[in-house]
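A short reminder: the numbers here are calculations on the coordinates, not readings from a lab. In this text, all values refer to a predicted model and were calculated from it rather than measured experimentally. All Cβ positions, glycine included, derive from the backbone under ideal geometry; neighbour counts span all protein chains shown.
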Amino acid sequence: MKYPSMIKAYILITTYVGNLKAVLDEMRKLKNVESIAVVAGDYDIIIKAKVNSLEELMELTDQIHSIKGVKRTNTQVIEKEIEA
């Protein structure tokens with residue numbers, strides 16, 4: 001019997017200047033978020049998400065887009081994770 005597997009993804013987020021703390025406060029309330037990382041570089045935040053379907057992933061990214069201060073997202077679905 002094959003069990004349905006969870007879909008994992010990294011959601012890379014750019015925020016408007018001065019909105020990082022407020023955006024993080026709202027992101028902590030989201031479901032299906034495994035971890036949140038503040039990073040330096042082209043993006044400000046990376047979320048690792050764990051959902052049951054692509055539909056749930058789309059709903060999560062829609063919720064992120066609705067957070068005031070979020071400028072843009074880039075979602076990368078994880079095809080395979082490899083332990084180091």
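Which ³J(HN,Hα) values, rounded to whole Hz and listed in residue order, are derived for region 12-26 from phi using the Karplus coefficients 6.51, -1.76 and 1.60 in 6.51 cos²θ - 1.76 cosθ + 1.60 with θ = phi - 60°, glycine and proline given as x?
8, 10, 10, 10, 6, 4, x, 10, 4, 4, 5, 5, 4, 4, 6
Could you list ILE82, ILE36, ILE45 in order of exposure, starting from the residue whose Cβ has the fewest other Cβ atoms within 10 Å? Could the numbers behind the result be given before it?
On the way: ILE82 4, ILE36 16, ILE45 20.
The order, fewest Cβ neighbours first, is ILE82, ILE36, ILE45.
Given the pairs LYS8/LYS68; LYS8/LYS71; LYS21/LYS71, which are separated by over 19 angstrom at their Cα positions?
In this structure, LYS8/LYS68; LYS8/LYS71 lie more than 19 Å apart at Cα.
Give me THR75, THR15 sorted ascending by neighbouring Cβ count inside 10 Å, so fewest comes first. Let's see the in-between values first.
On the way: THR75 16, THR15 21.
Listed from fewest to most nearby Cβ atoms, that is THR75, THR15.
At a threshold of 8 angstrom on Cα-Cα distance, excluding pairs fewer than six apart, so keeping six or more, what relative contact order does region 7-77 reach in percent?
Details: 117 pairs, mean separation 36.4, N = 71.
In percent, rounded to a whole number, it is 51.
Give the residue from GLN76, ASN19, SER66 lying farthest towards the positive end of the charge dipole for region 7-77; charges sit on Cβ (+1 for Lys and Arg, -1 for Asp and Glu) and the dipole is referred to the Cα centre.
Highest projection toward the positive end goes to ASN19.
With charges only on Cβ, +1 for K and R and -1 for D and E, what is the dipole size of the chain about its Cα centre, in debye, rounded to 20?
Numbers: 12 positive and 12 negative charges, 32 e Å.
Here the size comes out at about 160 debye.
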